[in-house]
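Enquirer: I have a structure here, written as structure tokens, and I will follow up with some questions on it.
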Amino acid sequence: MGNETQEFKWVGKRPIRPDGVDKVTGRAKFGADMHLPGMLIGRVLRSPHAHARIRSINTKKATALPGVKAVVTGDDFPPPPPPVWEAAGETPVNFRDLAKNVMARDKTLYDGHAVAAVAATSAVIAEKALDLIEVDYEVLPHVIDVKEAMKPDAPLLHDDLFTDGVSPKPEKPSNIAKRMEFVVGDVEAGFAKADVVVEREFTTEPVHQGYIEPHACVADASEDGKLFIHCSSQGQFMVRQFSARVLGLEISQVTVVPAEIGGGFGGKTTVYIEPTAGLLSRKTGRPVKMVMSRTEVFRASGPTSGGATKIKIGATKDGIITSAQATLAYQAGAFPGSPIGPGCMCAFAPYNIENVNVVGHDVVVNRPKVAAYRAPGAPISEFGVECVVDEIADKIGVDPIDLREKNAARQGTKAYYGPTFGPIGFIDTLEAAKLHPHYSAPLGENQGRGVASGFWFNIGGDSTASVHINEDGTATVIEGNPDIGGSRASLAQMAAEVLGIDYDKIRISVADTSSIGYNFLTGGSRVTFASGKAVIEAAKGAVSELCARAAKLWEIDADAVEWVDGEARPAGENAGNFEPMPLSTLAGASGKTGGPISGHASLNVKGAGPGFGTHICDVEVDQETGRVSVVRYTAVQDVGRAIHPSYVEGQLQGGVAQGVGWALNEEYIYDKEGRLDNPGFLDYRIPVASDLPMIDTVLVEVPNPNHPYGVRGVGEVPIIPPMAAVANAVSDAIGIRLKNLPMSPPKVLASLKNEGNGAASQSG
């Protein structure tokens with residue numbers, strides 16, 4: 001645990017990141033850094049209403065303004081595609097809804113919804129033009145809260161939305177886009193066997209991913225109908241597909257060049273301004289640059305869902321969970337498609353429970369369409385589950401880690417959502433947490449300690465990679481996934497391991513969509529696993545060719561050559577007595593032995609090993625102000641094998657920081673008209689360095705057998721336990737269970753006062 005892997009030369013080590021120098025010196029080019037000759041500036045007019053019908057849009061004054069080169073509205077886009085859900089991006093996509101989210105058509109559905117856009121010779125002129133666009137709105141009733149949206153008399157967002165997953169099909173439309181259910185065993189019979197049953201309701205608010213870099217792009221349409229898009233995203237192939245569909249283009253007509261990305265966390269797995277910039281460029285014949293302001297990012301890009309959950313768990317007095325039930329309702333925003341599926345799948349997945357029932361609802365509300373956020377859907381459902389598990393442990397007098405270990409999923413456990421787990425390290429994380437000095441350290445006054453666990457299934461998917469051997473003995477790796485978590489380093493380490501050369505002789509290039517085969521986006525903790533496997537296979541292909549070239553020079557069969565420590569060697573005494581031939585020699589002779597030496601792999605990678613984590617959190621509660629301070633935090637996680645331990649530790653620390661923000665401070669606040677009150681970091685409070693202690697990490701390594709180096713994704717799991725770990729710690733500190741996030745000072749103080757007055761608190 002936590003030790004660097006010794007059996008490999010590069011895997012498990014901590015080399016310097018390949019992109020470090022460019023990023024610290026400012027040479028790295030992000031989305032807003034692109035400038036092209038003759039470039040125009042694009043700006044978007046956004047609705048000030050949460051829900052309104054667009055009676056008319058008059059753009060004549062804006063069009064007549066000197067310096068304005070184009071104005072577009074929804075009428076200028078092709079008709080939206082049919083309302084069919086397709087496998088694309090991190091979650092299925094309804095391209096009709098995507099097109100309407102990019103630019104409103106007949107209605108605006110949230111504060112910040114795009115209604116028009118302009119391209120002008122300067123930002124000042126573009127902003128002035130927006131003021132000249134006249135929009136006649138019919139303001140409609142709106143609904144913000146998920147529970148309110150589910151009521152029969154709630155304002156209706158879509159007249160053609162009928163709940164999917166219900167039989168027979170409802171006769172009337174509603175805001176409930178989908179119902180889904182997982183059932184194993186008999187939950188009522190399970191509850192009847194329980195000595196203790198705890199049922200609680202929880203709420204979480206939508207929170208933003210908080211990436212530093214706003215959405216930015218430059219679109220350049222050519223006379224022959226081709227479109228080039230330079231942008232920062234979590235997947236250039238996703239941007240290509242999405243933009244092509246919205247603009248009615250063939251995919252081959254669009255080339256997307258990836259820029260560096262200043263944070264994504266799932267929030268850059270869709271498009272907002274790229275199709276609009278493309279349309280403006282086509283209309284003007286000039287490149288168009290669009291950059292969202294911070295306010296626009298909050299008002300118009302996707303946060304994660306808010307949720308209302310009901311969790312019920314029963315257990316025997318000796319700590320066996322007999323039954324578990326969850327009812328989940330997730331805000332999707334203005335269009336269907338919340339992460340309710342993963343929320344349902346992950347809720348009870350850490351545990352081996354005989355009787356399980358999970359029901360999920362995908363609900364539209366007048367908020368921005370949600371986007372992915374690390375382990376999308378899982379933090380919301382597992383927050384409630386881990387709080388109830390903690391409460392059960394308290395009621396039966398069992399250590400909370402012991403209770404989790406007694407019911408823990410392990411190798412051979414069949415998850416209620418389908419798969420049977422292979423080698424997993426959940427129990428290992430629990431044991432490591434219990435043995436950690438943090439768990440037995442004394443607490444001070446007004447302090448409390450909480451634990452919580454988390455699960456994410458991880459994913460694989462399509463990946464393409466090429467490895468080219470250069471004539472000087474170095475190698476170039478071409479891959480197609482933006483680096484948001486250290487993938488350049490980890491992929492280079494794996495390539496170096498296979499080739500047997502030093503890490504610093506590997507160069508990594510993230511290619512545009514015309515320079516490499518298709519790659520699924522960077523998300524779901526897939527890249528080190530899936531693209532890593534593609535790089536390994538491509539490197540093996542290069543090694544095979546290197547062996548063939550050595551065989552040619554030695555005039556022996558290729559099968560008689562083996563590759564060891566970066567050099568070709570005869571495979572046994574019968575192969576001949578030849579001196580080993582290093583890669584550099586073979587590379588230099590490539591022109592005489594057959595030409596360039598390369599390897600290529602295009603894979604649909606399966607076998608992603610699920611991830612588990614267990615966290616320990618200590619808090620201190622100020623009795624006078626209600627402020628909760630995190631004073632110590634330890635994150636333990638099964639990471640498969642840490643290719644680059646420093647990056648892995650950073651993933652855990654970043655997930656904890658974001659989860660703590662979700663627990664204590666972060667939330668979207670709307671006024672009674674449905675307008676966002678806090679669209680900026682001054683009023684939307686993410687944790688800063690002074691809010692957190694040093695986050696300790698423990699890396700448990702249970703290798704994934706489905707990867708040559710044992711990789712399993714690590715980026716999703718660490719955001720899941722913090723919400724419950726903090727809530728359980730607060731409960732331990734003040735004796736009151738808070739069930740509504742965020743646990744901001746006013747909420748905590750109100751609970752303390754109510755408890756002091758003998759009134760009912762959030763503990764129910």
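Enquirer: Would you say Y633 is in contact with a Cys (Cβ under 7 Å, 6 or more places away or on another chain) and either assigned by TED's automatic domain parsing to the domain that holds E431 or assigned to a helix (DSSP H, G or I) (or both)?
Expert: Working: in contact with a Cys (Cβ under 7 Å, 6 or more places away or on another chain): yes; either assigned by TED's automatic domain parsing to the domain that holds E431 or assigned to a helix (DSSP H, G or I) (or both): yes.
Judged against the criteria, Y633 is a match.
Enquirer: Kindly provide the set of residues from the stretch 262-289 that are crowded, with 23+ Cβ neighbours inside 10 Å and under 21 Å from the mean Cα position of the chain (by Cα), ordered by number.
Expert: G264, F265, G266, G267, K268, T269, T270, V271, Y272, I273, E274
Enquirer: Can I ask one more? For S338, are the conditions met, namely being hydroxyl-bearing (S, T, Y), touching a strand residue (DSSP E or B) at 6+ places or on another chain (Cβ under 8 Å) and in a loop (DSSP other than H, G, I, E, B)?
Expert: When the stated conditions are applied, S338 passes them.
Enquirer: Look at G314 and say whether it is buried (at least 23 other Cβ atoms within 10 Å of the Cβ) and not in a helix (DSSP H, G or I).
Expert: In short, yes.
Enquirer: Return yes or no: is N678 over 26 Å from Y439 (Cβ atoms), in contact (Cβ under 8 Å) with a residue 24 or more places away in the chain and buried (at least 24 other Cβ atoms within 10 Å of the Cβ)? First the steps, then the outcome.
Expert: Numbers: over 26 Å from Y439 (Cβ atoms): yes; in contact (Cβ under 8 Å) with a residue 24 or more places away in the chain: yes; buried (at least 24 other Cβ atoms within 10 Å of the Cβ): no.
So N678 does not fit the description; no.
Enquirer: Does M292 count as surrounded by fewer than 24 Cβ atoms within 10 Å (Cβ to Cβ) and of a type outside the set (S, T, Y)? Explain how you work it out, then say what you get.
Expert: Working: surrounded by fewer than 24 Cβ atoms within 10 Å (Cβ to Cβ): yes; of a type outside the set (S, T, Y): yes.
Taking the combined requirement at face value, the residue satisfies it.
Enquirer: Do you know which of the residues in the stretch 119-133 that are among the charged types (D, E, K, R) and surrounded by 13 or more Cβ atoms within 10 Å (Cβ to Cβ) is farthest from F335 (Cα to Cα)?
Expert: Across the stretch 119-133, the extreme among qualifying residues is K128.
Enquirer: Shifting gears a bit: Looking at G710, G715 in this structure, which one is under 19 Å from G523 (Cβ atoms) and among the small types (G, A, S)?
Expert: When all the criteria are applied, what remains is G715.
Enquirer: Could you check the stretch 220-252 and list, in sequence order, the residues that are more than 20 Å from V93 (Cα to Cα) and of a type outside the set (G, A, S)?
Expert: Selection gives D220, E223, D224, K226, L227, F228, I229, H230, C231.
Enquirer: List the residue pairs whose Cβ atoms are under 6 Å apart, where the first residue sits in the stretch 133-147 and is at pLDDT below 95, the second is basic (K, R), and the two are 6 or more positions apart or on different chains.
Expert: none
Enquirer: Does any residue of the stretch 511-521 turn out to be in contact with a Leu (Cβ under 6 Å, 6 or more places away or on another chain) and not assigned by TED's automatic domain parsing to the domain that holds S232?
Expert: No - not one qualifying residue is present in the stretch 511-521.
Enquirer: Further question on the same structure: Here are the criteria: (1) among the small types (G, A, S); (2) in contact (Cβ under 8 Å) with a residue 40 or more places away in the chain; (3) surrounded by fewer than 18 Cβ atoms within 10 Å (Cβ to Cβ). Tell me which single one G26 does not satisfy.
Expert: Here G26 meets the rest and fails (2).
Enquirer: Taking the criterion of being within 38 Å of the chain's Cα centre (by Cα), crowded, with 18+ Cβ neighbours inside 10 Å and of a type outside the set (A, V, I, L, M, F, W, C), would at least one residue in the stretch 542-554 satisfy it?
Expert: Yes; the residues of the stretch 542-554 include at least one that is within 38 Å of the chain's Cα centre (by Cα), crowded, with 18+ Cβ neighbours inside 10 Å and of a type outside the set (A, V, I, L, M, F, W, C).
Enquirer: Can we say D683 is of a type outside the set (A, V, I, L, M, F, W, C), in contact with a Phe, Trp or Tyr (Cβ under 8 Å, 6 or more places away or on another chain) and free of Cβ contacts under 8 Å to residues at least 60 places away in the same chain?
Expert: no
Enquirer: Further, regarding this structure: What is the one condition in (1) of a type outside the set (D, E, K, R); (2) assigned to a loop (DSSP other than H, G, I, E, B); (3) touching a residue at least 40 places away in the same chain (Cβ under 8 Å) that L249 does not satisfy?
Expert: (3)
Enquirer: Which fully enclosed helices (runs of 4 or more DSSP H) of the stretch 103-195 have 2 or more residues being over 25 Å from D677 (Cβ atoms)? It would help to see each step written out before you state the result.
Expert: Details: elements: 123-132, 146-149, 187-192.
In the stretch 103-195, 123-132, 187-192 are the helices (runs of 4 or more DSSP H) which contain 2 or more residues that are over 25 Å from D677 (Cβ atoms).
Enquirer: Let me ask another. Consider P745 carefully, then state whether it is more than 24 Å from H436 (Cβ to Cβ), in the same structural domain as V636 (by TED's automatic domain parsing), in contact (Cβ under 8 Å) with a residue 60 or more places away in the chain and touching a Ser or Thr at 6+ places or on another chain (Cβ under 9 Å).
Expert: For P745, the condition - more than 24 Å from H436 (Cβ to Cβ), in the same structural domain as V636 (by TED's automatic domain parsing), in contact (Cβ under 8 Å) with a residue 60 or more places away in the chain and touching a Ser or Thr at 6+ places or on another chain (Cβ under 9 Å) - is met.
Here's the yes/no breakdown for (1) farther than 30 Å from P703 by Cβ; (2) not assigned by TED's automatic domain parsing to the domain that holds T276:
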residue: P15; (1), (2): no, yes
residue: T63; (1), (2): yes, no
residue: P78; (1), (2): yes, no
residue: W85; (1), (2): yes, no
residue: T91; (1), (2): no, no
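The values are calculated or read from the model by the stated rules, or taken from the named source; none is laboratory data. Keep in mind the model is a prediction, meaning the values are calculated, not measured. Every residue, glycine as well, gets a Cβ built from its backbone with ideal geometry; the counts of neighbours run over all protein chains shown.
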